[in-house]
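**Q** Following this message is one structure expressed as structure tokens.
Quick note: the coordinates plus some simple rules give every number you see, no bench work behind them. Note that the coordinates shown come from a computational prediction; the quantities given were computed from them, not determined experimentally. Positions of Cβ are generated from backbone atoms using ideal geometry, with glycine treated the same way; all protein chains shown enter the neighbour counts.
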Amino acid sequence: MQDKLSKPLELPVFFRYGMAAAFVAAALLLSLVLRVPFANPSWFLFPAAIVASTWFCGRGPGWLAVCVGILAIQYYFIPPFGSFLVRPGDIPYSITFIFCAAAANWLFSWRKQAEDNLREARDELELRVRERTAELKSTNNALLFQMEEQKRTAEALQVTRTELARVVRITTIGELAASIAHEVNQPLAAVVANADACVAWLGLETPNLVEARAAAERSIQGATRASEVITRIRSLINKSSTERVRVQLNRIIEETVALAAGQASRNDVSITLDLVSDLPSVLGDRIQLQQVILNLMMNGIEAMSGVTDRTRELLVRSRLQDACQVMVSIEDTGIGVNAETMARLFEPFFTTRQQGIGMGLPISRSIIEAHGGRLWAESVVNQGTALQFTLPTLEGAAV
Amino acid sequence: MKERVPIVYVIDDEALIREGVQSLIKSVGLSAVTFASASEFMHAERPDVPACLVLDVRMPGQSGLDLQRQLASAGIYIPIIFISGHGDIPMSVRAMKEGALEFLTKPVRGQDLLDAIQKAIARDQELRSERAEYAKMRGRFDSLTPRETEVLNLVVAGLLNKQIADQLGTSELTIKTHRAHVMEKTGADSLAHLVRMAERLRTSQRK
């Protein structure tokens, strides 16, 4: 509405002057008509016509209205009527009118000008505001885009980092496995060579029992050596887990869920926690336990990667199993495992995944067992799998 | 030719494996000598009998492949049977390219090892008799006098007695005598035989 009013009259010049003349003519006509019932000469309509001319048509047409109005007053309403002559007694009256007309025109044109300036200023201000708003909007959009980009980059970085960590882990395990393989293979080669020799000595026409016995004894030595290597590796695993402190499993679960959240959301998996609030503490290595829980969660998330007909949900629960044991279960709504796979689930190097190395579950189980607990799986094909473990509570461990 | 009992050299850093392999070899009537490292083997005295080498690839210090190269550059020829903890293809290809006879993976089946050893010793015997024959021939040719060697070279080049006599500035009869000595000393039963032997010596000298 303000916009409409603020628009100046953009009419052609002759039309504006014509309009001013028309205002004055209307005033004259009306005055002449009114003169009949009200004998007194009245000119009050003329200033109105002048003001209207100035206001609507501009300053120039205003002055035209002033001049025409003065002439009309002089001619029709100042005696002697019907002539432009002025009697000396009427001069002040005539001057008053001229002054009034000129003042009205000047005043209103000045006021009009001021209003126009104000309007222009306001228009310009509005225009600038609009421009600045548009600028701000585009800046804001750019910023939003950058933020989005940054988020994507951060996610990509996270994925890369996870992948890198996995590769490093696999490489380390690979090297470790190669050196263990050599350590075990050497005594086994000795066992085979000596057993072969033993058989050969026994197979002679007259068996050489002395040599056969010596070879058999070396074979035994080799086998003992192999088992010693394995014992050494076991003790190495146990040695690295001497860090036993009081830990709150619920806290560890919560921390681990935070770690797995990214992976879960990327796979459209929602994680639900169902933790018993007054779960007793256990004695353990928090990093190792975290690894186990993370590992089980990752297994669950991956088990659901092929699920499309139901929600992918990972339920992490903690329970007090009995007075001296707590239980943690990680349940997925994945494809489940069949009996054949179930039987081999904890076998080292057994994996159903393309990139898996098949060490996650065996390592998890050995960690839990080193903590005096138990780790097992329950599964229903096409419904999901629950990986569960128990750990002795502080009191349970003390018993 | 009198053949002495062949020796199998076994090099492995693992004592139990050495002893097992040695026992296995002895059970088939061969003699086996064991070493714990490549350098021990290089410093040992080796009797001049048919032999082969059972060599572990992965050993502390000098590896089996290093030893293979060292033996080759020292001109010691002995068939090698490699034994490796893991069947690494590039490694076995390298070993075979450099003349290994066999590449077996630990733990080795006894029969496979014995078969490889038999093959290696047979190969060594073959090469040894070739070498012995060659040495004998070399000795016979070395017993020729300078004059006889001159005549030999011209005969082998296809010149007639008369041409040789002209070239050496002597009579055809003298050449005939030299030539008879050459035939007798080298044990050649025909001119063709003589040419073949001379040719063989020349090519192996050029090598």
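**Q** Around A:Gln321, which amide H atoms from residues at least 5 apart in sequence, or from another chain, sit under 5 Å from its own amide H, with H modelled in the peptide plane?
**A** Amide H to amide H, under 5 Å and 5 or more residues apart or across chains, A:Gln321 pairs with A:Val326, A:Met327.
**Q** I would also like to ask the following. If a helix is a whole DSSP H run, which ones in chain A reach 24 Å or further along their own axis (Cα) and hold a mean Kyte-Doolittle hydropathy of at least 1.6?
**A** Working: long enough: A:13-35 (33 Å, 1.79); A:91-202 (162 Å, -0.06); A:209-239 (44 Å, -0.11); A:249-266 (26 Å, 0.17); A:286-303 (25 Å, 0.49).
Both cut-offs are met by A:13-35.
**Q** Also: Can you pick out the pairs among B:Lys97/B:Lys185; B:Lys26/B:Lys136; B:Lys26/B:Lys106 whose Cα atoms lie more than 30 Å from each other? Please list the in-between numbers first.
**A** Values: B:Lys97/B:Lys185 41 Å; B:Lys26/B:Lys136 33 Å; B:Lys26/B:Lys106 20 Å.
In this structure, B:Lys97/B:Lys185; B:Lys26/B:Lys136 lie more than 30 Å apart at Cα.
**Q** What does the charge dipole of chain B about its Cα centre add up to, to the nearest 20 debye, if the Cβ of each Lys and Arg holds +1 and the Cβ of each Asp and Glu holds -1? Show your work: numbers first, answer last.
**A** Numbers: 28 positive and 27 negative charges, 132 e Å.
With Lys and Arg at +1 and Asp and Glu at -1, about 640 debye.
**Q** Using DSSP loop states and a limit of at most 15 other Cβ atoms within 10 Å to flag trypsin sites (Lys or Arg not before Pro), what is the longest stretch of chain A containing no flagged site? Each step should come with its number before you reach the end.
**A** Details: sites that count: A:Arg244, A:Arg310, A:Arg353.
With trypsin sites (Lys or Arg not before Pro) excluded where exposed in loops, chain A gives A:1-243 as its longest stretch.
**Q** With runs of 4+ DSSP H residues as the only contributors, calculate the mean residue ellipticity of chain B at 222 nm using -39,500 (n - 2.57) per run, divided by the residue total and rounded to the nearest 500. Mind dumping the intermediate values first?
**A** On the way: 9 runs with 121 residues, N = 207.
Value at 222 nm, helices only, nearest 500: -18500 deg cm²/dmol.
**Q** Pick from B:Arg109, B:Arg128, B:Arg18: which is most flexible by mean-square fluctuation in a GNM of chain B where alpha carbon atoms under 10 Å apart are linked?
**A** The residue that fluctuates most here is B:Arg109.
**Q** Each residue of segment B:147-154 in order: what ³J(HN,Hα) in whole Hz does its phi give by Karplus 6.51 cos²θ - 1.76 cosθ + 1.60, θ = phi - 60°, with x for Gly and Pro?
**A** 5, 4, 4, 4, 4, 3, 4, 6
**Q** With Cβ to Cβ distances under 11 Å as the rule, what net charge do the other residues near B:Ala116 carry (K, R +1; D, E -1)?
**A** Details: positive: B:Arg109, B:Lys119, B:Arg123; negative: B:Glu102, B:Asp112, B:Asp115.
The answer is 0.
**Q** Of all the C-alpha pairs in segment B:143-206, what % are more than 16 Å from each other? Present the calculation step by step, with values, prior to reporting the outcome.
**A** Values: 817 of 2016 pairs.
Distances greater than 16 Å cover 41 percent of the Cα pairs.
**Q** Which one of B:Gly169, B:Thr105, B:Met197 is farthest out on the positive end of the charge dipole of segment B:58-207, using unit charges on Cβ (Lys, Arg +1; Asp, Glu -1) and the Cα centre as origin?
**A** Farthest towards the positive end: B:Thr105.
**Q** Something else now. Under unit Cβ charges (Lys, Arg +1; Asp, Glu -1), what dipole magnitude, rounded to 20 debye, does chain A have relative to its Cα centre?
**A** Working: 38 positive and 40 negative charges, 384 e Å.
Using only the charged Cβ atoms, the result is roughly 1840 debye.
**Q** Another one. Could you give the spread of the C-alpha atoms of segment A:64-198 along their three principal axes, from largest to smallest, in whole angstroms?
**A** On the principal axes, segment A:64-198 reaches 162, 19, 11 Å in Cα extent.
**Q** Then there's this: Among the GluC sites (Glu not before Pro) in segment B:1-30, which ones are in a DSSP loop with at most 14 other Cβ atoms within 10 Å of the Cβ? Mind listing them? Walk me through the numbers on the way to the answer.
**A** Details: sites: B:Glu3, B:Glu14, B:Glu19; in loops: B:Glu3, B:Glu14.
Loop-located and lightly packed - B:Glu3.
**Q** Which Cα, out of A:Gly262, A:Pro280, A:Phe14, lies furthest along the positive dipole direction of chain A (beta carbon charges, K/R +1, D/E -1)?
**A** Farthest towards the positive end: A:Phe14.
**Q** Here's another thing I want to ask about it. Counting other C-beta atoms within 10 Å, which of A:Met342, A:Met298 has the fewest, and how do the rest follow? The partial results should precede the final answer.
**A** On the way: A:Met342 16, A:Met298 19.
Ranking A:Met342, A:Met298 by Cβ neighbours within 10 Å, fewest first, gives A:Met342, A:Met298.
**Q** Using alpha carbons only, what's the Rg to Rh ratio of segment B:1-126 with Rh from Kirkwood? Working shown, then result.
**A** Working: Rg = 13.3 Å, Rh = 14.4 Å.
Rounded to two decimals, Rg/Rh equals 0.92.
**Q** Fewest Cβ neighbours within 10 Å first, please rank B:Val182, B:Val10, A:Val380 accordingly. Display every interim value, and only then the final one.
**A** Numbers: B:Val182 22, B:Val10 28, A:Val380 10.
Least crowded to most crowded, the residues run A:Val380, B:Val182, B:Val10.
**Q** May I pose another question? For a footprinting-style exposure proxy, rank A:Leu157, A:Leu320, A:Leu279 by other Cβ within 10 Å, fewest first. Could the numbers behind the result be given before it?
**A** Details: A:Leu157 10, A:Leu320 14, A:Leu279 19.
With the sparsest Cβ surroundings first, the list reads A:Leu157, A:Leu320, A:Leu279.
**Q** Taking amide hydrogens as modeled 1.01 Å from N in the peptide plane, which residues meet the under 5 Å criterion relative to B:Val33, leaving out close sequence neighbours?
**A** For B:Val33, whose amide H was placed from the backbone, the distant partners under 5 Å are B:Val8, B:Tyr9, B:Val10.
**Q** Here is a follow-up. Convert 10 °C to kelvin, take the viscosity as 1.306 mPa s, use the Kirkwood radius over C-alpha pairs of the protein assembly as shown as Rh, and evaluate the Stokes-Einstein diffusion coefficient in µm²/s, rounded to a whole number. Before the final figure, lay out the partial values.
**A** On the way: Rh = 37.4 Å.
Once the numbers are plugged in, D ends up at 42 µm²/s.
**Q** Test of understanding: given chain A, find the longest segment containing no chymotrypsin sites (Phe, Trp or Tyr not before Pro) that are in a DSSP loop and have at most 11 other Cβ atoms within 10 Å. Intermediate values should be presented prior to the final figure.
**A** Values: sites that count: A:Phe38, A:Phe44, A:Phe81, A:Phe84, A:Phe349.
So the longest stretch without any such site is A:85-348.
**Q** To continue, here is another question. What is the antiparallel percent of DSSP beta bridges lying wholly in segment A:258-399, to the nearest 5? Don't skip to the end; give the middle numbers.
**A** Values: 23 of 30 bridges.
The antiparallel proportion sits near 75 percent.
**Q** Looking at chain A, which longest stretch skips every one of the GluC sites (Glu not before Pro) that is in a DSSP loop with at most 12 other Cβ atoms within 10 Å, leaving the sites themselves out?
**A** Answer - A:11-204.
**Q** Give me, ordered by chain and number, the residues 5 or more places off A:Ser379 or on other chains with an amide H under 5 Å from its own placed amide H.
**A** Counting only residues 5 or more places away or on other chains, the set is A:Ala386.
**Q** Calculate how many DSSP beta bridges within the protein assembly as shown are antiparallel, expressed in % of all such bridges and rounded to the nearest 5. Walk me through the numbers on the way to the answer.
**A** On the way: 26 of 51 bridges.
Of those bridges, close to 50 percent are antiparallel.
**Q** Please give the Cα centre distance for segment A:95-139 versus segment B:115-132, rounded to the nearest Å.
**A** The two parts, judged by their Cα centres, are 119 Å apart.
**Q** Shifting gears a bit: With runs of 4+ DSSP H residues as the only contributors, calculate the mean residue ellipticity of chain A at 222 nm using -39,500 (n - 2.57) per run, divided by the residue total and rounded to the nearest 500.
**A** Numbers: 11 runs with 256 residues, N = 399.
The helix-only estimate for chain A comes to -22500 deg cm²/dmol at 222 nm.
**Q** With the dipole of the protein assembly as shown worked out from charges on the C-beta (+1 for Lys and Arg, -1 for Asp and Glu) around the Cα centre, which of B:Ile121, A:Thr311, A:Leu345 lies farthest toward the positive end?
**A** A:Thr311
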